[in-house]
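Bear in mind that the values in this text are calculations on the coordinates, not laboratory data. No experiment lies behind these values; they were computed from the predicted model shown. Counting neighbours? That spans all protein chains shown, and the Cβs are built from the backbone with ideal geometry, glycine included.
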Amino acid sequence: AILLEMKDIHKTYPNGTKANRGVDLTVHEGEIHALVGENGAGKSTLMKILFGLEAPTSGSILYKGQPLRFQGPKDAIKQGMGMVHQHFMLVPSLTVSENIVLGEEPVKGLFSLVRDRTKEFSEIEKLIETFKLKVDPRATVETISVGQKQRVEIIKVLYRGARLIILDEPTAVLTPQETDELFESIQMLVRQGYTIIFITHKLREVMEISNRVTVLKAGKTITTMLTKDTNPEE
Ligand code: ADP
Ligand code: ADP
């Protein structure tokens, strides 16, 4: 089934830059969809539009068969979308679990940490185990590696109920071993019905992990193709 259908998206920024000039993106449920294109091709702009961070100049978006009318990123989260950035918005002096329950309101959250978090923390441990997102939930964020910080971000969007997860150049900061581990976690996610949009420059990764790829060039979709059937093992 089609989960997301972005059609003929145009975006002209106030300074006149035409970042999207006719982008089509169709994402099917339960697939790993690679979004590729060189720097400036319009990938981030498209994802900002999807998340309600920018308004499209024109175009249509269907999500779960319904027209998408976002007010902002909070609505995107409510709709089951999660974005994992390269920039980690984590509080270094708090633990992994504390960072995850804090969500987006660290100041308010710091006070509520006084509450007993046992139930939430055990839920987080379950997510870590299920998706092999190896990280110590009790470690403080200032002591963990970049790769582990990324996993914390993934756990955070899972914890908030995301079903469509957008990974923005997730391997850029990872070692080869961390990349393998990330791919294993992604495979676990799709096996359980999650859908992934994976922004990447690396053709090897497209071939290794994606089911479908959409290529953007100068703000336009130039091709979209199936690279692998979903769930090839079944
Ligand atoms: P990508 O993610 O593929 O690198 P972007 O969507 O970031 O592409 O950028 C597409 C084009 O839009 C680029 O020329 C970029 O400089 C421009 N751009 C991005 N954000 C803005 C903005 N806020 N205002 C003006 N131009 C922008
Ligand atoms: P490592 O511990 O693996 O050396 P760093 O601490 O150098 O990783 O972090 C890499 C990048 O992430 C840096 O650009 C840093 O500014 C940013 N970063 C690290 N921790 C945080 C944080 N808690 N909040 C915001 N940005 C962070």
Any idea what angle helix 146-159 forms with the longest principal axis of the chain, computed on alpha-carbon atoms, 0 to 90 degrees, nearest 10?
80
Simple spin-label estimate for residue 116 and residue 86 in nanometres, 7 Å along Cα-Cβ
4.4
Once you place label points 7 Å from the Cα toward the Cβ at residue 191 and residue 222, how far apart are they in nm?
3.6
Relative contact order for the chain: what percent, with Cα pairs under 8 Å and sequence separation of 6 or more?
30
Near the amide H of residue 22, under 5 Å away, which other amide H atoms are found, from residues 5 or more places off or on another chain, if H is placed in the peptide plane?
9, 10, 11
May I ask you to evaluate 6.51 cos²θ - 1.76 cosθ + 1.60, the Karplus curve with θ = phi - 60°, for each residue of region 122-137 and list the ³J(HN,Hα) values in order in whole Hz, giving x for glycine and proline?
6, 5, 5, 4, 5, 4, 4, 6, 4, 9, 6, 8, 3, 7, 7, x
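Using a Förster radius of 22 Å, what is the FRET efficiency between residue 28 and residue 208 based on their Cβ-Cβ separation? Nearest 0.05, please. Present the calculation step by step, with values, prior to reporting the outcome.
Values: r = 19 Å, r/R0 = 0.86.
Efficiency for this residue pair is about 0.70.
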Taking θ = phi - 60°, what integer Hz values does the Karplus form 6.51 cos²θ - 1.76 cosθ + 1.60 yield along region 173-183, in sequence order, with x for Gly and Pro?
9, 9, 6, x, 5, 5, 4, 4, 5, 4, 4
Extreme residue, positive dipole direction of region 21-74, given options 57, 36, 22 (C-beta unit charges)
57
Between 14, 176, 56, which gets the highest mean-square fluctuation from a Gaussian network model of the chain, Cα cutoff 10 Å?
14
Sorted by chain and number, the residues with a modelled amide H under 5 Å from that of residue 54, at a separation of 5 or more or across chains, are 49
Pick from 41, 19, 139 the residue whose mean-square fluctuation is largest in a GNM of the chain, springs joining Cα atoms under 10 Å.
139
Unit charges on C-beta of K, R, D, E only; dipole of the chain, Debye:
740
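Sequence gap at least 6, Cα distance under 8 Å: using those rules, report the relative contact order of region 1-64 to the nearest whole percent.
Relative contact order, region 1-64: 46 percent.
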Charge dipole (debye, nearest 20) of region 179-221; +1 at Cβ of Lys and Arg, -1 at Cβ of Asp and Glu:
380
Hey, any idea what the orientation-averaged projected area of the convex hull of the chain's Cα atoms comes to, in nm²?
13.1
Among 175, 200, rank each residue by its count of other Cβ atoms within 10 Å, from fewest to most, as a rough exposure measure.
175, 200
Restricting to Cα pairs under 8 Å and 6 or more apart, the percent relative contact order of region 39-97 works out to 26
